[in-house]
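Below is one structure, written out as structure tokens; comments come after it.
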Amino acid sequence: MLMSDSLPSELFLNRELAQLAFNHRVLAQAEEVRTPLLERLRFLCIVSSNLDEFFEIRVAGLHAEIEAGIASSAPDKTPAAESYRQVAHAVHALVVEQYRLFNEAIVPALADKGIRFLQHADFNERQAQWVRDYFHDAVMPVLTPIGLDPAHPFPRVLNKSLNFAVELEGRDAFGRDSGTAIVQAPLVLPRVIRLPREFSEVEYEFVLLSTIMQAHVDALFPGMTVKGCYQFRLTRNSDLFVDEEEVKDLRAALSGELPNRQFGDEVRLEIAANCPAQLATFLTRHFHLDTEDVYRVDGPVNLVRLINVPDDVDRPDLKFHAFVPGTVKRLEQSANVFDAIREGDLLFYHPFQSFQPIVAFLQEASTDPSVVAIKQTIYRTGTGSELIPLLIAAARNGKEVTVVLELLARFDEEANINWAQRLEEAGAHVVYGVVGAKTHAKMLMVVRAETPAAGASSQFARLKRYVHLSTGNYHSRTARLYTDFGLFTCDDAITTDVNNLFMQLTGLGRVSESRLLWQAPFSLHERVMQAIRAETANAAAGRKAAIIAKMNALLEPKVIAALYEASRAGVQIDLIVRGMCALRPGLPGVSDNIRVRSIVGRFLEHSRVFYFFNGGEEDVYLSSADWMGRNFFGRIEICFPVRDPRLKRRVIDEGLQPYLDDPHAWIMDPDGNYQRRTDDERPNAHQTLLKLLAASS
């Protein structure tokens, strides 16, 4: 049996480079001319958003390792300094390609369709006057220019904020001539402004705040000569540190730590391409960065600011076709959700099928007199959650409501803190999971007191549990954008396991063995390893053996080693990995029988589906967990079986086969490079599933 610690490092791919490879695949969606034009712009912005988080977390981590001199613990054994060198080289190339695409393809194509981004030189006389008035009325009153001198030190720069370095000439009223000033764009100012239609030469004309400020920055420095005004943007380490073992109140500690995210260590400087060398050097030194940390960009320093433009433009012909999510007939024919679930398990595949039954389930539970208790885990739900107000209403209606709310859900901490307070005010029990292990499992349980059947031995009301389990977050917006499976069941074996897990999360006690759920950090890793070993044994005995696994990331070295061993035994393995994959497929004598593909398209692939042939039993599991160390050992996760044969076949036919058949899938080679066919006109997986499951598309 191959062990991960005995495998040579060259059998593993670098995590950071694998993550950047995913962003190349996203960028390819923006390059693809068959992608609707406004969606191409959206994909371009998504690349920038992904890179922001990549620098805030992963690159910040590499910086910390380099400074601490820590030896690499990654399976590929690449030293942090070398990883960073490779990352910087790759990101610089990616950013150059991104802005080339923006300037040479996206912007001209949008202009041809009557959607323009105006530069200062493009203004006609009426537009110039409107922009001038807008600057003086809406922008200038909230600006605070800072001239740099001993009495005016460099202002603290917020993480990812828009700033301007201004070169000046002359002396001001006090005789100062520092020559440099900094202007920060307040967060209250919109970054993209649409010109009123009466001032526009085409249907949609937008002007960026940076364009407006650069056109009129001289008004901030009367009597001085402005030699240049250059955008810059600083990215900081945004990983929060809370010593969970020391704090007595996690929510209070996290609330105190959140403001520090804006002022973490500097990790990246984006600056306008035309910024003079001496000014760029000044900024680089001030922020204690190296030249490879500086990214000169030929355009807006933050393309993420354009991400709402597709939503602001009413041009359906330039977007993906709208669709109506499908419904489940049994729900429409039943008096209520509980009756429908009692007839048999219900499976939903979002966004092809509607998320509303989950909302309706909680809505019914919040008012149903027979419901006595509701328990739910919350990881990400957003500021506009539909579900949490229903939990609040349920608590106010006298239901026993318990919410396991993960405060440390990265970048959703503030929203979760606010919801926690509102839930507690309504009388709900709110706990924050387990110290040191994020609660990432997606579970919703309703306990109902039901009238006993005629002739029953007991006349007491029988408590029955109804459960919803999911691969994705309870987030109505992302349920329209992410692919995820959800399962309703009242199967006693599963609901008992779920109830026991809630008891573990809210109380104290030893681990209770689950009958059907695979649970991290206790049993999930071992169960996955056992399932892989069982296929390996079957293949070694000459029996048919197969594994199909779909996930967001594959990094855990012991699982990779087990997959290599299974491949060597003859197990046919298909891996559908959206993002990072450290396994190298197709290596002679190691992974000949492993194929890795990635699907990047209209929707974000988010579901985790694990299939094991198991001698013809065809075991199918759905999970909240990727095959990563953090999911196996550092989080509360669940993996649950699909037991109904009809639903099991649905998961195979809808959740796996369309992706294996997708003619536009990205196929990974042994070196971690991806290729795909671009000349195939057949529908991709998302188009196939929309046609199969959506009510209309």
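The values are calculated or read from the model by the stated rules, or taken from the named source; none is laboratory data. The structure displayed is predicted, hence computed values, not measured ones. FYI the Cβ positions are ideal-geometry reconstructions off the backbone, even for glycines, and counts take in every protein chain you see. Note: accessible area is taken over every heavy atom of the protein model, side chains too, but ligands, DNA and RNA are not part of it. Shrake-Rupley method; radii C 1.70, N 1.55, O 1.52, S 1.80 Å.
Provide, for q = 0.09, 0.10, 0.14 Å⁻¹, the log10 of I(q)/I(0) from a solvent-free Debye sum over equal Cα point scatterers in segment 285-411. Relative scattering, expressed as log10 I(q)/I(0), comes to -0.50, -0.58, -0.88. Exposure here means at most 12 other Cβ atoms within 10 Å; with chymotrypsin sites (Phe, Trp or Tyr not before Pro) in a DSSP loop as sites, the longest stretch of the chain lacking them is 461-697.
Calculate, in nm to one decimal, what Ser9 and Ser512 gain on full extension: separation in residues at 0.36 nm each, minus their alpha carbon distance. List each step's numbers first, then the result.
Details: separation 503, 0.36 × 503 = 181.08 nm, distance 3.74 nm.
Answer, rounded to one decimal: 177.3 nm.
Expressed as a whole percent, the accessible area of the chain that falls on carbon and sulfur atoms is 49 (1.4 Å probe). Applying 1/(1 + (r/R0)^6) with r as the Cβ-Cβ distance of Ala68 and Thr383 and R0 = 41 angstrom yields a FRET efficiency of 0.70.
Taking all C-alpha pairs of the chain, those more than 41 Å from each other amount to 36 percent. Per-residue ellipticity at 222 nm, computed for the chain from helices alone with -39500 (n - 2.57) per DSSP H run of at least four residues, works out to -9500 deg cm²/dmol. A compact globular protein would have a Cα radius of gyration near 2.2 N^0.38 Å; the ratio found for segment 606-697 is 1.29. Segment 281-344 and segment 518-537 have their alpha-carbon centroids 34 Å apart.
Taking θ as phi - 60° and the Karplus parameters 6.51, -1.76 and 1.60, the scalar couplings of segment 675-690 work out to 10, 8, 7, 10, 9, 8, 8, 5, x, 7, 4, 5, 5, 4, 6, 4 Hz in sequence order, x denoting glycine and proline.
Ligands, DNA and RNA are left out, and with a 1.4 angstrom probe the accessible area of segment 545-697 is 35 Å² per residue. As a calculated quantity, the FRET efficiency between Asp290 and Val142 at R0 = 45 Å, using C-beta atoms, amounts to about 0.85. Between Leu481 and Leu187, full extension at 0.36 nm per residue minus the direct alpha carbon distance yields a gain of 103.2 nm.
Scaled against 2.2 N^0.38 Å for its residue count N, the alpha carbon radius of gyration of segment 590-631 is 1.45. Dipole check for the chain: with +1 at the C-beta of Lys and Arg, -1 at the C-beta of Asp and Glu, and the Cα centre as origin, the magnitude is about 1440 Debye. Counting Lys and Arg as +1 and Asp and Glu as -1 over every other residue whose Cβ lies under 14 Å from the Cβ of Gly326, the net charge comes to +3. Computing FRET efficiency as 1/(1 + (r/R0)^6) for Asp492 and Leu660, where r is the C-beta to C-beta distance and R0 is 35 Å, gives about 0.55. Considered as an equivalent ellipsoid built on the Cα gyration tensor, segment 360-407 has semi-axes of 19, 11, 8 Å, the largest given first.
Pairs from the table (Lys329/Lys442; Lys375/Lys442; Lys375/Lys438) lying more than 22 angstrom apart at Cα are Lys329/Lys442.
Per residue, what accessible area does segment 33-162 have, given a 1.4 Å probe and all protein chains present, in Å²? If you can, show how the numbers build up before the last one.
On the way: 6170 Å² over 130 residues.
So segment 33-162 comes to 47 Å² accessible per residue, rounded to a whole number.
Is any residue of segment 561-598 close enough, with backbone N under 13 Å, to a label point placed 7 angstrom from the Cα of Met529 along the Cα-Cβ axis, and if so, which? Counting backbone N atoms under 13 Å from the label point, the list is 561-563. For the chain, give me the percentage of DSSP beta bridges that are antiparallel, rounded to the nearest 5 percent. Antiparallel bridges make up about 65 percent of those DSSP assigns within the chain. Counted residue by residue at 0.36 nm each, then reduced by the alpha carbon distance between them, the extension gain from Gln356 to Val431 reaches 24.4 nm.
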